[in-house]
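Right, one structure below, let's go through it.
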Amino acid sequence: MPRLAERHAEQPVGAMVPRVFRLAARRQDTADTFTMMLEPTDGIPLKFIPGQFTMLSAFGVGEVPISVSSAANVDGPLQHTVRDVGAVTHALSHTPVDAMVGIRGPYGTGWEVGDGADGDVVLVAGGIGLAPLRPAMLEVLHHRQRYGRVVLLYGTRSPADLLFTDELKRWENLGVEVLVTVDYGTREWTGRVGLVTTLISRAGFDPASTLALVCGPEVMMRFTAAALVERGVRPERVRVSLERNMRCGAGLCGHCQYRELFICVDGPVLPFARVAGMLGTREL
Ligand SMILES: Cc1cc2nc3c(=O)[nH]c(=O)nc-3n(C[C@H](O)[C@H](O)[C@H](O)COP(=O)(O)OP(=O)(O)OC[C@H]3O[C@@H](n4cnc5c(N)ncnc54)[C@H](O)[C@@H]3O)c2cc1C
Ligand code: FES
């Protein structure tokens, strides 16, 4: 891993300056989660790979790391799906359509879903974790013939927290095995109730050929990855996406350091085999 001074020397001048994007539209997905459709004011689309994030700024308020939730390599607006949890995400939730936001990046590692070709692909999402996984699912569906069985296991707190519900049906119609569960049901809910880990034994996939991509709260990723390994998926074929406090997003400031890793450049997507002992610890 290069030292901080070397990382600084590698950065091109201007890399820290955000590009300006126009908020073309905003869709309210759930009570606290919304998707921003963003268009570059310079007309140059942002190139990214599924799993990468950008530093998204509400001008005058601050900057936050947010994963890209749209498909890579297709025309259309850049999408970010955001949960309103604090100062910056709240400001973004109130940014008017046609106003400008800043974008730096993309940064970090991707899901590298192509490594799952010729085998089964299992995506496991907890809550808003479905947003960073969406570009990976769209990539798999774009090259559907390259993969075996495709499975999505998705858990949220309640039915009202389910994201992309229309799209879940569309994916199911395209042959994806979609299993959904909620922690707490409602009177109207007729689906499964329980943790997402309970879906792992029900899903139809061949562990020996599986690439598993897991995104959600850290405790969920820890138990999910362990359950996948227990079912026979190799630990190096299970990938998780880690979140840590970030400032620069580019390996310069050290805010996201996690033992020997800088999560903004070495992650956020990492093999479970590499971080198994670290999950669940905020700082090391
Ligand atoms: C690589 C990466 C990718 C991310 N992708 C997404 C994404 O696609 N969509 C998305 O909505 N968020 C994503 N996040 C999380 C997002 O960056 C934070 O929610 C955001 O920084 C919070 O900033 P804030 O100023 O709105 O809240 P703050 O004012 O910083 O925090 C307000 C409150 O929210 C709590 N909080 C902060 N972060 C989180 C969190 N992640 N989850 C729950 N509570 C939190 C704080 O502890 C505090 O109590 C990602 C984070 C990383 C590191
Ligand atoms: S080193 Fe600055 S956020 Fe990772």
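The values are calculated or read from the model by the stated rules, or taken from the named source; none is laboratory data. All values reported here derive from a predicted model rather than from experimental measurement. Positions of Cβ are generated from backbone atoms using ideal geometry, with glycine treated the same way; all protein chains shown enter the neighbour counts. These area figures cover heavy atoms from the full protein model, side chains too; ligands, DNA and RNA do not enter into them. Shrake-Rupley method; radii C 1.70, N 1.55, O 1.52, S 1.80 Å.
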Name the longest site-free stretch of the chain, where the excluded sites are GluC sites (Glu not before Pro) in a DSSP loop with no more than 13 other beta-carbon atoms within 10 Å. 1-187
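Name the shape class, rounded, prolate or oblate, that the alpha-carbon gyration tensor gives for region 75-174, where a ≥ b ≥ c are the square roots of its eigenvalues, rounded holds for a/c under 1.5, and otherwise prolate holds if a/b is larger than b/c and oblate otherwise. Walk me through the intermediate numbers first.
On the way: a/c = 2.16, a/b = 1.57, b/c = 1.37.
Prolate shape, in that a/c is at least 1.5 and a/b is the bigger ratio.
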Within the set Ala131, Ala212, Ala87, GNM on the chain using Cα springs under 10 Å gives the largest fluctuation to Ala87
At 1.4 Å probe size, what's the solvent-accessible area of Met100? Round to the nearest 10 Å². 80
With each pseudo-label sitting 7 Å past Cα toward Cβ, what's the Ala117-Ala99 distance in nm, one decimal? 4.4
Given a Förster distance of 30 Å, report the FRET efficiency between Glu39 and Met278 from their Cβ-Cβ distance, rounded to the nearest 0.05. 0.20
Scoring the chain by relative contact order with C-alpha pairs under 8 Å, at least six apart, yields a percentage of 18
Would you kindly compute the Cα radius of gyration of the chain and its largest Cα-Cα separation (Dmax), both in Å? 18.5, 59
Check Ala71: other-chain or 5+ apart residues with amide H under 5 Å from its amide H, H built from backbone geometry? none
Give me the accessible area per residue for the chain, probe 1.4 Å, as a whole number in Å². 46
Any idea of Thr165's accessible area? Nearest 10 Å², probe 1.4 Å. 70
Carbon and sulfur %, accessible surface of region 1-154 computed with the full protein complex present, 1.4 Å: 55
Solvent-accessible surface (1.4 angstrom probe) belonging to Ile128, in square angstrom, nearest 10: 50
Round to a whole angstrom and tell me the spacing of the C-alpha centers of region 191-260 and region 106-153. 13
